[in-house]
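Comments concern the structure below.
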Amino acid sequence: MHALGNEHLSKAEWRTRLTRARTDQTAESHAQEASALVSAVSKVTATTVCAYLPFGTEPGTTALVDALAAGGARVLLPVIRPDPGPLDWAEYTGEADLVPSTMRGIREPGGKRLGTDAVGAAELILVPALAVDHRGVRLGRGAGHYDRSLVFAAAGAALLAVVRDEELVERLPGEAHDVRMSGVLTPARGVLELPM
């Protein structure tokens, strides 16, 4: 849990360290973790889920979203808008309907845009993160899309940061505008409630 070290690093230092650790992960290890995440999320039930498509070195694969849909959930995925505001959302109807996003390497649904407040319909929201701490403080990539979007989440919605097991750390630097996670999803530990 503390393999990544010092809790007194700045956000930039954390991002550098975490990104390096993800880059160093083997393809085999990534595939094993992705499979474990699918198993863990298959046990979760929700009518509507806001999720995302992992890309690059992020934990998971499209199979994570497919497992949610196979479980009967209506799955909404983010659509990155050209302005720096909150995310738009669109329903996931299968991998064949995904199109390239305006951000390189990211795919999104090609269907109807549902608006920034569509996240309010979800009981469960999976949130990408580089790390999360025991208090629910999440470290993202720094663009702020999710902090601006999660203010539209319904009260009581489960906000789960999806991270590798060693990315659940004791303490991260946090700010007043950071939206706290209510839980975390990791490959080995599954879903855990926060704060711990």
Note, ³J(HN,Hα) from phi for segment 62-73, Karplus 6.51, -1.76, 1.60, rounded to Hz, x at Gly and Pro: 4, 4, 4, 5, 4, 5, 5, 5, 5, x, x, 7
Rel. contact order, % - alpha carbon contacts under 8 angstrom, at least six apart, segment 27-103: 26
Per-peptide average of other Cβ atoms within 10 Å, ordering 158-168, 76-86 highest first: 158-168, 76-86
Solvent-accessible area per residue for the chain (1.4 angstrom probe, square angstrom): 47
Over the chain: helical MRE at 222 nm, DSSP H runs n ≥ 4 each giving -39500 (n - 2.57), nearest 500: -6500 deg cm²/dmol
Fraction of beta bridges assigned by DSSP in the chain that are antiparallel (%, nearest 5): 50
Filtered trypsin sites (Lys or Arg not before Pro), segment 1-96: DSSP coil and at most 15 other beta carbons within 10 Å: Lys43
Amide proton proximity set for Trp89, modelled H, under 5 Å, gap of 5+: Val79, Leu114, Gly115
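The values are calculated or read from the model by the stated rules, or taken from the named source; none is laboratory data. As the structure is a computational prediction, the values presented were derived from the model and not from experiment. Here the Cβ is made from the backbone with ideal geometry for all residues, glycine too, and neighbour counts use every protein chain on show. Surface accessibility is based on the protein's heavy atoms, side chains included, excluding ligands, DNA and RNA. Shrake-Rupley method; radii C 1.70, N 1.55, O 1.52, S 1.80 Å.
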